[in-house]
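Please treat every number below as a calculation from the coordinates, not as lab data. Model, not experiment: these values are computed from the prediction. Methodologically, a virtual Cβ is constructed for each residue, glycine included, from the backbone with ideal geometry; neighbour enumeration extends over all protein chains shown.
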Amino acid sequence: MPHPKLAQFKALGQYLDLLLDAICVVNSNGEFIYVSGGGERVFGYKPEEMIGHSMFKFMHPEDHDKTRAVVAEIMQGIAKINVENRYIRKNGDVAHILWSARYSKEDDFRIAVARDVTEQRQAESERLQLLQRLEQQALYDPLTELPNRAYFYQRALQVLQRRSEVALLYLDLNKFKEINDSFGHAIGDRVLKVAAQRITESLRTNDMVARIGGDEFVVLLERIQSVTDAKHIAEKIVHAFQNPIEVNAGQPFNVGISIGIALSKDCGRELEQLLLKADNAMYQAKLMTDNRIKVAADDK
């Protein structure tokens, strides 16, 4: 038997149907007993296709549990404004629906207003993706996808302000210029990408490697207690380059690496000074014939 109050909604139907939003009435079983003409614009179904069916039939399965929790609060007399969930339209599209709802204890039904905010959510998603792309371009090297110089400075200054002991490793690939000159920049770029991957795989979880230009990289090591700790990581990086880099089948490149190390406890906490010390140590390491690792503190 139709609910007696439904006649009032139907009497107003010629006006309610003009609304872009949908006016919905749901019984205690969660079934639609009234949907205004706006329902077709919002849900993609004609009102008569929804009436008599559970709202969960049309709702996105991933939103069932959170919607049930909201319904439980509404049934306790708590009016809800701007609650969002997703419905699946008749054509298969996902619709983002913004609801305002309350429970009428006297009538034992819930009345709600549903607004389609799909376009807004899509615009927000596109905006977020654009911001993420812009951030990626601003803070990451497009070739290796490593943090760039700007990102490195930002992170390093934050770490140094925390007063924890750090070490900087300044890295430079050996014989890279010859590869670039002899085989071209395309091959050189592929070598750089493999080199970046090998360096990254040699580090601990909290360490950071950035490409700061050409074939030069810098590694920020946090919570370093001794020169031995820094050297151990540097040796892992050197070991990672023992095998040739092969970017074309049958064309291996023997690319070594030189590393300069500067520790904050020995060289101070000024970032520029640490970089300069590590850079100078790296150039000294290039003159070495075997283990190309040089610690700036060794000069004292």
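A simple spin-label model places pseudo-atoms 7 Å from Cα toward Cβ; at E235 and E119 they are separated by 6.5 nm. Estimate the FRET efficiency between R89 and Q136 by the formula 1/(1 + (r/R0)^6), using the beta-carbon distance for r and 45 Å for R0, to the nearest 0.05. The pair R89/Q136 has a calculated efficiency of 0.85. To the nearest ten degrees, helix 271-286 and the longest principal axis of the Cα atoms of the chain are 50 degrees apart. For M288 and N206, a Förster radius of 25 Å and the Cβ-Cβ distance give a FRET efficiency of 0.30, rounded to the nearest 0.05. Cross-link partners of K175 among lysines, defined as those whose alpha carbon lies under 19 angstrom from its own and excluding same-chain residues fewer than eight positions apart: K193, K286, K294. The coefficient of translational diffusion for the chain, derived via Stokes-Einstein from the alpha carbon Kirkwood radius under 37 °C and 0.692 mPa s, stands at 135 µm²/s. Here region 143-166 and region 192-208 have alpha carbon centers that stand 15 Å from each other. Listed by chain and number, the aspartates and glutamates whose C-alpha is less than 16 Å from the C-alpha of K46, apart from same-chain residues fewer than 8 away, are D17, D21, E31, D93, D116.
Within region 6-121, all pairs of alpha-carbon atoms sorted by distance into 10 Å bins from zero give the percentages 14, 51, 31, 3.
For K265, the aspartates and glutamates whose Cα falls under 16 Å of its own Cα, not counting residues fewer than eight places away in the same chain, are E165, E222, D229, D298, D299.
Taking the empirical scaling 2.2 N^0.38 Å for compact globular proteins as reference, region 86-131 has a Cα radius of gyration ratio of 1.59. Here r is the Cβ-Cβ distance between R269 and Q242 and R0 is 45 Å; the resulting FRET efficiency, rounded to 0.05, is 0.85. The calculated 222 nm mean residue ellipticity attributable to helices in the chain amounts to -12500 deg cm²/dmol, summing -39500 (n - 2.57) over DSSP H runs of n ≥ 4 and dividing by all residues. With contacts taken as Cα pairs under 8 Å at a separation of at least 6 residues, the chain carries a relative contact order of 12 percent.
Axis of helix 185-201 versus longest Cα principal axis of the chain: the two differ by about 80°, to the nearest ten degrees.
Convex hull over the alpha-carbon atoms of region 56-176: what's its volume per residue in Å³? Show your work: numbers first, answer last.
On the way: hull volume 25.8 nm³, N = 121.
Looking at region 56-176, the number lands at 213 Å³ per residue.
Judged by the mean number of other Cβ atoms found within 10 Å, the most tightly packed of the peptides 33-46, 199-212, 56-69, 161-174 leads the ranking 33-46, 161-174, 199-212, 56-69. Counting every pair of alpha carbons in region 140-299, the share spaced more than 24 Å apart comes to 29 percent.
The length gained by stretching the chain between L128 and I187 to full extension, at 0.36 nm per residue less their Cα-Cα distance, is 17.8 nm. Pairs of Cα atoms nearer than 8 Å and 6+ residues apart set the relative contact order; for region 140-299 it is 28 percent.
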